[in-house]
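J.: One structure, pasted below without further comment.
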Amino acid sequence: MKLSNRLRIQAAGINLLLFCLLLPFCHSLYNTNEDVFALYYLSGGFGAPPTALLHYNYGLHPLPGLLLKQLFLLTGSINWYTLLLYGAHYTACCIFLYRLLQQHRPLTAYLLYLLIFSCFVSINLLTPNFSNAAIALGSGALLLLTGQPAKPRKNAATALALLLIAACFRIHVLVPLVVIALPFLLLYTPARMRWLRIGTLALAAGGIILMNQWHQGYYRAHISGWQQEEDYRQQNYAFYNDHTLRPPAPGQPWYVEYYLRSPFVDTAFLSTQKLQEMYHSLNGSRETRLSFNREAGYWLLINNRVYFLALLLLVLYAGRHKKTLAQGSLAIALLLAATVYLLLFRKIPGYWLISCCWLISLFLAVSAGAASPLSCRLRWLYGTGALLLISWGLLRWQKTNRQQQESISAFKTAYARISRQPGTLFISVTDRFPLQYFGAFDPPRNYPLLNFLGAEHFMHNNYRNTYARFGIADTQAIPGHTNVIFWGQQVPALADYFRIRTHRPVQLTVIDSIPQGYLYHIRFSTTQPSTNPQP
């Protein structure tokens, strides 16, 4: 058997063993509302037939969506979505270990891989979602482009295919990965190999653009008014991605609180143009935006210290090779510059630091094979450091796993509450219903959400069928119905909205307190309405 095939079998076998040992003990959840909404659309968990029309432009391409839809139609007793996500992670992990086995002796390769797996991979396996799946496959693709393989074109073709598959999960997360990988792909590389890598990335970019154009065209053809919906959604993301605009500050107009905290989307009330004007009016001065949040920076370091220490150990280990040290230093400089920019001007996505540190660590671990041999003393020193970080990573996994078990219980408790009242429509306010804590191993048919609406329903214009089931003509008619309850924080601006839109007095009444805030309703009342300026 050829050496390359033997290494592939070893990588597949070791990862199969690790996945089989770890996953049965994982209390996995998606940790994003977007993934749960995608799952429920694909499986028909909201009461409508299963569909691949997920509304998302840059995530979850219709190609895997159509496959998943058919699988859910075949049987709803299996969570096919989670299986697909874990399949992506398993494929990527096989590539990681395969590349390490190519560059190192088996014992060294296994130790390096356990370090990567315990510090980075294990946490991602606890929160499978389409962003993490794209990051894992994209990292595997970029790793295949490194080194001096015997068949570089074959590796490049495989990397191209993996990048296109990764883009089917999510496109945006691939951009920072490619930028951070450039020092490893282009520096100290023979010209012929450099141009092959540039060509592969260019082909991948072109293919992703074409796939996204087809993606958008498919939605335009099958979702009425999708382009207008998408334009409004993109303006909404401008608010979501700017941490300086939340929460509403004292003195801001009431409709700012309504927009930032209400689940409803009323384009006749707040048009795209009005949102743009509101965003610019709230944008603040440069001096205000450049104020550094020391507390946020402190917790950024504390919560991610295991990633930083794993990266530091690999920098020291691989940095004995000067070219690798230069590549790693430039990649880390790019990461730091981008992180500071996001911290000051935007917001740092949850996947940002772990994915970037993960990718740089992979490149350093693979590139360390070119360094000079270690002395016995240094081997023991680095080995001890790796074992300590492996232990820390596993302890962190255990702690996170225990917390997620409690989070899944919180979802099930909340679900039990609304399932006991099937004749009442519950509307989540400020995303306080713990939908993101849906267990990743649970089939959605066990938890049908037929009497629930969240912000994504309104953003996707996908709420009218639910309204019809409860006899609600439109959003403005909600105060006239006794079978609607709001779930979450109290938002007085919601009452202001109904007063303005209906020209009738309304009253917000708390029914009960819950861990996520309150249960309350908003009803028409006989008191005189207060006057509020129109937006």
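J.: Per the Debye formula with a single identical scatterer at each Cα and no solvent contribution, what log10 I(q)/I(0) holds for region 299-444 at q = 0.16 Å⁻¹?
T.: Taken in order of the listed q values, log10 I(q)/I(0) reads -0.98.
J.: Would you calculate the separation in nanometres between label points at Thr526 and Gln490, each defined as 7 Å from the Cα along the Cα-to-beta-carbon direction?
T.: Distance between label points: 2.3 nm.
J.: Using only the Cα atoms, what convex hull volume per residue in Å³ does region 150-218 have?
T.: Per-residue hull volume (Cα only) is 79 Å³.
J.: What number, rounded to the nearest 500 deg cm²/dmol, is the helix-based mean residue ellipticity at 222 nm of the chain, given -39500 (n - 2.57) per DSSP H run of at least four residues and division by all its residues?
T.: One gets -20000 deg cm²/dmol as the mean residue ellipticity at 222 nm.
J.: A further question follows. Apply the Karplus parameterisation 6.51 cos²θ - 1.76 cosθ + 1.60, with θ equal to phi minus 60°, to every residue of region 395-401 and state each ³J(HN,Hα) to the nearest whole Hz, in sequence, with x for glycine and proline.
T.: Those phi angles translate into 5, 5, 4, 4, 5, 5, 4 Hz.
J.: Let me ask something else about it. Give me the compactness ratio for region 318-376, meaning the Cα radius of gyration over 2.2 N^0.38 Å.
T.: Cα Rg divided by the expected 2.2 N^0.38 Å: 1.36.
J.: Quick check on region 1-159: what does the Kirkwood estimate of hydrodynamic radius come out to from the alpha carbon pairs, in Å?
T.: Value: 17.1 Å, from the Cα pair sum.
J.: For a quick check of your reading of the filter: which trypsin sites (Lys or Arg not before Pro) in region 1-54 sit in a DSSP loop and have no more than 15 other Cβ atoms within 10 Å?
T.: Lys2
J.: Here's something else I'd like to know. Based on the Kirkwood radius over alpha-carbon pairs, what value in µm²/s does the Stokes-Einstein equation return for the translational diffusion coefficient of region 23-111 at 20 °C and 1.002 mPa s?
T.: It diffuses with D of about 142 µm²/s by this estimate.
J.: Would you mind counting up the charge near Gly480? Only other residues with Cβ under 15 Å from its Cβ, with Lys and Arg at +1 and Asp and Glu at -1.
T.: Net of charged neighbours comes to +3.
J.: Please state, rounded to one decimal and in Å, the Kirkwood hydrodynamic radius that region 385-462 gives when every pair of distinct Cα atoms enters the mean of 1/r.
T.: 14.7 Å
J.: Right, something else. Please tell me the relative contact order of the chain in percent, rounded to the nearest whole number, where contacts are Cα pairs under 8 Å and at least six residues apart.
T.: Answer for the chain is 20 percent.
J.: Using the alpha-carbon atoms, what tilt in degrees (0 to 90, nearest 10) does helix 174-186 show relative to the longest principal axis of the chain?
T.: Helix 174-186 sits roughly 20 degrees off the main axis of the chain.
J.: Find the Cα radius of gyration of region 101-145, compare it with 2.2 N^0.38 Å by division, and give the number to two decimals.
T.: Normalised by 2.2 N^0.38 Å, the Cα Rg of region 101-145 equals 1.29.
J.: Can I ask one more? If each of Leu374 and Gln148 carries a label point 7 Å out from its Cα toward its Cβ, how far apart are those two points in nm?
T.: Going by the 7 Å Cα→Cβ label model, 2.4 nm.
J.: Starting from the Cα of Ile198, step 7 Å along the direction of its Cβ; do the same at Arg396; then give the gap between the two resulting points in nm.
T.: Between Ile198 and Arg396, the simple spin-label model gives 3.7 nm.
J.: Take the Cα atoms of the chain, build their convex hull, and give its volume per residue in Å³.
T.: 162 Å³
J.: For region 92-245, just run the numbers: alpha carbon Rg, then divide by 2.2 N^0.38 Å, N being how many residues it has.
T.: 1.23
J.: Take the eigenvalues of the Cα gyration tensor for region 67-178, scale each by 5, and report the square roots as semi-axes in whole Å, largest first.
T.: Largest first, region 67-178 gives 26, 18, 13 Å.
J.: Separation of region 345-423 and region 41-64 by C-alpha centroid, Å?
T.: 29 Å
J.: From zero outward in steps of 5 Å, how is the percent of C-alpha pairs of region 395-533 spread across the bins?
T.: Result returned by the calculation: 2, 9, 17, 20, 19, 13, 8, 5, 3, 2, 1, 0.
J.: A further question follows. Would you tally the net charge around Trp226, using a Cβ to Cβ cut-off of less than 12 Å, leaving Trp226 out, and scoring K and R as +1, D and E as -1?
T.: -1
J.: Quick one: if the Förster radius is 45 Å, what FRET efficiency do Arg504 and Gln234 give, using the C-beta to C-beta distance and rounding to 0.05?
T.: Between Arg504 and Gln234 the formula returns 0.85.
Every number in this text was worked out from the coordinates using simple rules, so none of it is lab data. Here the structure is a predicted model, which means the values were calculated and not measured. Neighbour counts are summed over all protein chains in view; Cβ atoms, including those assigned to glycine, are modelled from backbone coordinates with ideal geometry.
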